[in-house]
Every structure is written in structure tokens, then in C-alpha cells.
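Peer 1: Sharing a structure below in C-alpha cells format, with a few things to ask.
None of the figures in this text is laboratory data; all of them are computed from the coordinates on show. All of these numbers come straight from a predicted model, not from anything done at the bench. Glycine also receives a Cβ, built like all others from the backbone with ideal geometry; neighbour counts cover every protein chain displayed.
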């Protein structure tokens, strides 16, 4: 059934019925992933009460999904290149939706966490596939408009996700933020089977990919159109996942006071560090055949930009985790009102990112990437004052607006700079790695911040303890943003593209 549509002899045109259907399937599928990246933060207090979860359970609910999504997104692109982009895309949609159902019917927090890990794997299969289908299928004259539409509509889904999720939580249950994916997936599968042609990488010529992505609060550029067809490196992917998982487990469990946790945390941390070192050694040994070619890091700019990405998106991940819980458990906001609080930030990103990208093209990325985090840090510090019975307009909106304004200056210039820092043939893998770096930053922040601010057990349900932890966490988030600003000011410059095929 997955092969029912033959590969066309002519590219798809955007104005045709098949072009519109293909774009619709890609946008709706990626929208499901972006929605589940953002909306779960709004649901955390309700999940905690419904499943009697402690802080570590909420951390794993967020990090389990982001961890597997970050670890396997490059592998998902490679699988599509080798076995068929539409095939892997559809497998990803079905996998993601099946895991969503498991999330929606979870009977305890352990069940939900396991399902979130599986959901992230499905997201890693379908996310690069959604853009890969556009890049590989559309006529070159229409490809730019199709990718732009994909980015724009994906941004809309990111913006509306917390609102839709908040409404579902208040009107029905937190379980419906996962179950809503079922009817959406049915539409995606129908559209993809009818209008998406199959395609595969035919060799090195397919390794130069789209290398673009949607701006949203869930991450930076989404991995390009596979773009790594010959780099089928499952060992590297597993080692990378194990490294990130081990370090994350150590940080989360270190905050627990049980004897078992005190033993497991250092062991997991050691395993994670060893796996991360093994990943680096393996990729260096494989050279250009690796999933993540070491040649990329000969560009100091590329390396610095990805460190910058981890730092800035760590702040975003920690900010989003704490703010959603704090607004509901301390300020007394409903889930819908908490979702509405995200709207200024996502609206600014959606409307302002193209202008920020144009500004960076004129003056270079250094100033936007340095000033943006400073503005965002100002917003974070304003939000430290939110307390019981806070005013939505006076206490929340100004800080969220400043935070969103700062991020708007960051997202598009960062994406453009990352892609410009490498040769065209590595655009896809560079985009995918930067996306993984942004998610890894969020994973590590959600794991580390509760430990750093002393929030554990059921303390998130106690307004006084949560308020104190929130104020400390916002200081950490602001500090991370200032570190990002300093990195940009001293180490980031206008990228100079190397000639195609040049050696670095």
C-alpha cells in the first residue's frame, strides 16, 4: 500500500491538486510534532495531579519525547533517503500516532513516560520526512514557495498549539492533547497516499538538501530533506542517544533523595559520558561516511553557533517548563489562559523572524545574536515577580513579549548562519544537527534546573516552594541568555561560504 503512488516522471507543481495535497500532508504532520513539543508544558500540572507524579515524572514527560526526537532525527532523514522518503514519513506518522494513543490512555506516570519516548522516535521519522517530501517532489520553480508555506503554517501550528491544548485540557482532559492526533493522522495518511510521490536518494547528488526549517518555540531549523542518504549510521545514533539519556537521567535522579537514586545517578552519568566520548570517536573514525562528519567542526563558526544554540535553547526549555507550571499552580491561571500567555512569544516569532533574517543578511548575524538574548533576559527577569493572583496583562504579557522579541532576533539569523557556515553538500546534516542541538539544550535544562533550584518530589504542588524555585530558575535562564550574548559578541561573525567542494 505504501508504494501505491509511483515516482512521477515530472516534478509536482504547487498549483496542482497533487501539489496542494502534498503540502497539506507535510504541514499537518509536522504540525502534530510541533504541537506536542509545546502543548505538554501547559498540561504538566494536570498530568501531575491525574497520575500522582512527582517533579521527576514531569521532567521525564517532557525530556523523554525531546530526547529521542533529538537523538534520532538525523537517522530518520537517512532512513528516508535509503528506503523511500514517503515510506518512512508514513511509518513515522503511524508510529507517532500509535504512541500518542498510548500517552492518552496512560494509567500511571511510568506508562506515560515510556509512551513519550516512543512518540519522540515517531517524530524523528516524520519530521525530516515532511520537509524531504517537499524538497524532493516539487518543481525547482515552486520549491522555495512550498518550503516557505511549510515554514509559515508550521509556525501557526506552534502558535495555536498551546491555545488548542489549553482549551482541550479545561473542557475535556489532558489526555485529549494526545488523542487529538488520531483524526489528524488519518487525514495525513490519506493525503500522503494520494498525492505524495515516492523518492529516494540516488547518490551524492541528493546530499545537498533543503537545509531550512520553521521557526518556533520548539526548536530551530528542522532537519533538511534527509540529505544524508549514504550516512546510515545506526551505531552513532544509538551512542548519541545513550550519551544524552545517561546524562539526563543522572541530572533528574540526582534531585531525588532516595538511596536508589543516589546510586543510580552517578552510574548513569558515567555511562552517558562514556557513550558521548564513544560517539565522538566513532564519528571521527568514519570520517565523511559518518552520520555527523567531523569535517563540519573544522569550521570554528559552525562549532560556536551550535554551542550558542545549546545555551540559548536551554534557557528556552527551562523557561517554558517552569512558567507553565508556575502560572497554574501559583498564579492560579487556567490551562487555556496559560496557553494564551504563550501567544505573544509565538506570534512575534511567526511575524518577525523573516524581518530578523533580512536584517541579519544586511548587517551580519553578530548584532542580532548578541542583542536578542539580552532583550530576552530582560523579559525573564520581569517574569520573576509573578505571584498569586498575578495580572495577566500587567505581570505576564510584558515579560513574555520581551522574551519573544529577543528570540525573534535569534531564530532566523541563527538558522541562516549555521547553514552558511558549511559547504552546500552538508546543508541538510548541518540543519539537522543544529535542530538536535536546540532540543538537547532543552532536555538538559529541564533535567538540571529543578536540581539546581532545589525542586523535587511533590514540591511543585506547593505554591510557596514552587514560587521560590521559579524565581531562582528564572535567574539561571537569564544567565544562560547572557552567556549566549557574550558568545555572539566575541566569537560569531558573518559567515563566509566556502566554494563548493573546498576543503576546510
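Peer 1: Taking 22 Å as R0, compute the FRET efficiency from the Cβ-Cβ separation of residue 490 and residue 362 and round it to 0.05.
Peer 2: After rounding to 0.05, the efficiency reads 0.50.
Peer 1: Arrange the following residues from fewest to most other Cβ atoms within 10 Å of their Cβ: 111, 174, 393.
Peer 2: 393, 111, 174
Peer 1: Share of Cα-Cα pairs in the stretch 233-290 beyond 19 Å, in percent?
Peer 2: Percentage above 19 Å: 35.
Peer 1: Translational diffusion coefficient of the stretch 299-504 at 20 °C, 1.002 mPa s, Stokes-Einstein with Kirkwood Rh over Cα pairs, in µm²/s as a whole number.
Peer 2: Diffusion coefficient, whole number: 122 µm²/s.
Peer 1: When only C-alpha pairs under 8 Å and at least 6 residues apart count, what is the relative contact order of the stretch 299-504, in percent?
Peer 2: 40
Peer 1: What ranking, highest mean first, results for peptides 479-488, 314-323, 164-173 when packing means the other Cβ atoms within 10 Å averaged over each residue?
Peer 2: 314-323, 479-488, 164-173
Peer 1: Right, here's the next one. Provide the gained length on full extension for the span residue 468 to residue 173, in nm with one decimal, where the gain is 0.36 nm per separating residue minus the Cα-Cα distance.
Peer 2: That pair, residue 468 and residue 173, stretches by 103.3 nm at full extension.
Peer 1: Then there is this: Which entry in [x] 23.8, 78; [y] 30.5, 96; [z] 21.2, 65 matches Rg and Dmax of the Cα atoms in Å derived from the coordinates of this structure?
Peer 2: Correct label is [z].
Peer 1: If you don't mind, there's one more thing I want to ask. Using just the Cα positions, wrap the stretch 287-363 in a convex hull and report its mean projected area in square nanometres, one decimal place.
Peer 2: 7.9
Peer 1: Still on this model: If R0 is 45 Å, what FRET efficiency do you get for residue 482 and residue 10 from their C-beta distance, rounded to 0.05?
Peer 2: According to the calculation, E is roughly 0.30.
Peer 1: Another question about this same structure. Ranked by Cβ crowding within 10 angstrom, fewest neighbours first, how are 85, 20 ordered?
Peer 2: In increasing order of surrounding Cβ atoms, one gets 20, 85.
Peer 1: Can I ask one more? Divide the volume of the convex hull of the Cα atoms of the stretch 331-420 by its number of residues and quote the answer in cubic angstrom per residue.
Peer 2: 86
Peer 1: Taking Cα atoms, how many degrees apart are the long axis of helix 300-329 and the longest axis of the chain, rounded to 10 and kept between 0 and 90?
Peer 2: 40
Peer 1: Another question about this same structure. If each of residue 108 and residue 298 carries a label point 7 Å out from its Cα toward its Cβ, how far apart are those two points in nm?
Peer 2: According to this spin-label approximation, the distance is 5.3 nm.
Peer 1: Still on this structure, I have one more. Debye sum, Cα scatterers, the stretch 32-93, no solvent: what log₁₀ I/I(0) at q = 0.19, 0.21, 0.23, 0.26 1/Å?
Peer 2: Computed log10 I(q)/I(0) values: -0.77, -0.85, -0.92, -1.05.
Peer 1: Taking 7 Å along the Cα-to-C-beta vector as the label spot, tell me the residue 475-residue 238 distance in nanometres, rounded to one decimal.
Peer 2: 4.4
Peer 1: For the stretch 15-200, taking Cα atoms only, what is the radius of gyration to one decimal and the Dmax to the nearest whole Å?
Peer 2: 16.4, 54
Peer 1: Give me P(r) over the stretch 47-156, computed from all C-alpha to C-alpha distances, binned every 5 Å, as integer percentages.
Peer 2: Final binned percentages: 3, 13, 18, 18, 17, 12, 9, 6, 3, 1, 0.
Peer 1: Within 10 Å of each residue's Cβ, count the other Cβ atoms and sort 403, 34 from fewest upward.
Peer 2: 34, 403
Peer 1: Quick check: residue separation of residue 190 and residue 83 times 0.36 nm, minus the Cα distance between them. What number comes out in nm?
Peer 2: Net length gain for the segment: 36.5 nm.
Peer 1: Got the relative contact order for the stretch 233-290 handy, in percent, Cα pairs under 8 Å and 6 or more residues apart?
Peer 2: This gives 43 percent for the stretch 233-290.
Peer 1: Where Rh denotes the Kirkwood radius from the mean inverse Cα pair distance, what is Rg over Rh for the stretch 383-504?
Peer 2: So for the stretch 383-504, dividing Rg by the Kirkwood Rh gives 1.09.
Peer 1: Which Rg and Dmax, in Å, describe the Cα atoms of the stretch 237-329?
Peer 2: 16.8, 50
Peer 1: Please compute the contact order of the chain in relative form: average sequence separation of alpha-carbon pairs under 8 Å and at least six residues apart, divided by the residue count, as a percent.
Peer 2: Contact order relative to length: 22 percent.
Peer 1: Specify the angular offset, from 0 to 90 degrees and rounded to the nearest 10, of the alpha carbon long axis of helix 234-254 from the longest principal axis of the alpha carbons in the chain.
Peer 2: Result, in degrees: 10.
Peer 1: Against the longest principal axis of the chain, how steep is helix 109-137, in degrees 0 to 90 to the nearest 10, with axes from Cα atoms?
Peer 2: 30
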